[in-house]
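Notes follow the structure.
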Amino acid sequence: MEISKKISEKFECDIQNIAKSFIEYFDKCLNNKTNDYVLNWIEYVIRLIPPKKREVHFSKDFWERAPKECWKQIYFLADRFKSGEDVNPYLSKTVQNALQGKRTDMLWTDWEISHFHLSENIPNGSYFSGRSDYLLFAIVGDYFVCFLDARPHPKGAEFADPELYKYICESWPELINNLEGISPDKDWSKEEIHKFRQRGLNVCYSYNGQVKALGGLTTVSGKSVRSVFLKDRMTFELGELSKRLADYVEKEFINFSESDYLLKLETDGVRLVCSSSNESAVLDERNYPTVNYIFNQRWLVEKVVECNRVAQKDA
């Protein structure tokens, strides 16, 4: 048990450093005072959209509502989704607040509705596009994206407009579960929903007399419940790995030091490394699915590893 605990503590330190390296790629002004790089990284990565080809669908009466001034940009973004290109640069730059442990994009936290700047221009030296006059609101799945609405750039409580939720209910009711046995709440206004989000309170949404459940939930601190759950799952997976290694050490009567094993970010993701033999292995997805989701998405690993390589070369 003591060996397992030492390995687990070492892995916790390693994984925090790996999370920090991911954060530093996207946030050049990293606040080093944070005490949980992992949770901040998870809060960020769950909002990112892995580049892959997706079918694009439009809500009922979408084109009747969408301002014609932004039709060109809507088609531009739709084409990027269809071809599997990176659409993350068109997300709001405020998602970076998650890297600092701050509240961010409560529309996504509450309803998992992403919003995109309808702009084709990305400033030099920036990963994100500039602010635009219009935003596109969408639900993004693994192999599909549902365009809900396009409207002039909202402010404040306008990001809590229940009309956005209604468009999902009308066009894709299969995306939302009914909560049986629960009486509908009142029809909350966007101002009320906005205040609830600011206070970390979760309320239900009702449509045609049915209570609906969409997306995630928020904690009182403003974190996504999903991110807290994922961190707990990751901690459990690494704890199981620590136990397996401890069993091996005890059975083989190996002289042990907690520095013998470490987690390290390599070109193909996070690897378990044995420092004494210099052997390493990728953490397989079957036994460590959460670790792989958080740290081993290839498109992200490639960005961070290349950035680290260049930094080491210039040092």
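Points to keep in mind about this one:
- Among residues of the range 218-231, those that are of a type in the set (Gly, Ala, Ser) and at pLDDT 85 or above, counted: 2
- Qualifying residue in the range 120-127 (condition: in contact with a strand residue (DSSP E or B) (Cβ under 7 Å, 6 or more places away or on another chain), of a type in the set (Phe, Trp, Tyr) and either open to solvent by less than 40 Å² (accessible area, probe 1.4 Å) or part of a loop (DSSP other than H, G, I, E, B) (or both)): no
- Matching residues in the range 72-88 - criterion: being of a type outside the set (D, E, K, R) and touching a Phe, Trp or Tyr at 6+ places or on another chain (Cβ under 8 Å): Gln73, Ile74, Leu77, Ala78, Val87, Asn88
- Unmet criterion (only one of (1) more than 17 Å from Arg65 (Cα to Cα); (2) in a loop (DSSP other than H, G, I, E, B)) for Val145: (2)
- Annotation note: of Val38, Val56, the sole residue that is assigned to a helix (DSSP H, G or I), surrounded by 12 or more Cβ atoms within 10 Å (Cβ to Cβ) and touching a Lys or Arg at 6+ places or on another chain (Cβ under 7 Å) is Val38.
- Extreme residue, surrounded by the fewest Cβ atoms within 10 Å (Cβ to Cβ), among residues of the range 195-214 that are of a type in the set (Gly, Ala, Ser) and in a strand (DSSP E or B): Ala213
- Tally, over the range 148-169, of residues that are within 22 Å of Lys212 (Cβ to Cβ), assigned to a helix (DSSP H, G or I) and free of Cβ contacts under 8 Å to residues at least 60 places away in the same chain: 10
- When Ser257, Ser221 are checked against the criterion of being more than 18 Å from Ile15 (Cα to Cα), within 26 Å of the chain's Cα centre (by Cα) and surrounded by fewer than 19 Cβ atoms within 10 Å (Cβ to Cβ), Ser221 stands alone in meeting it.
For (1) of a type outside the set (A, V, I, L, M, F, W, C); (2) modelled with pLDDT under 90; (3) part of a strand (DSSP E or B); (4) surrounded by 13 or more Cβ atoms within 10 Å (Cβ to Cβ), each residue gets a yes or a no:
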site: Gly216; (1), (2), (3), (4): yes, yes, no, yes
site: Arg233; (1), (2), (3), (4): yes, no, no, yes
site: Glu237; (1), (2), (3), (4): yes, no, no, yes
site: Ser280; (1), (2), (3), (4): yes, no, yes, yes
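- Of the criteria (1) surrounded by fewer than 17 Cβ atoms within 10 Å (Cβ to Cβ); (2) of a type in the set (Val, Ile, Thr); (3) more than 21 Å from Ile23 (Cα to Cα), which one Ile168 fails: (1)
The values are calculated or read from the model by the stated rules, or taken from the named source; none is laboratory data. Predicted model only: the values in this text are computed from it and were never measured. Here the Cβ is made from the backbone with ideal geometry for all residues, glycine too, and neighbour counts use every protein chain on show. Protein only, heavy atoms only, side chains kept; ligands, DNA and RNA dropped before computing areas. Shrake-Rupley method; radii C 1.70, N 1.55, O 1.52, S 1.80 Å.
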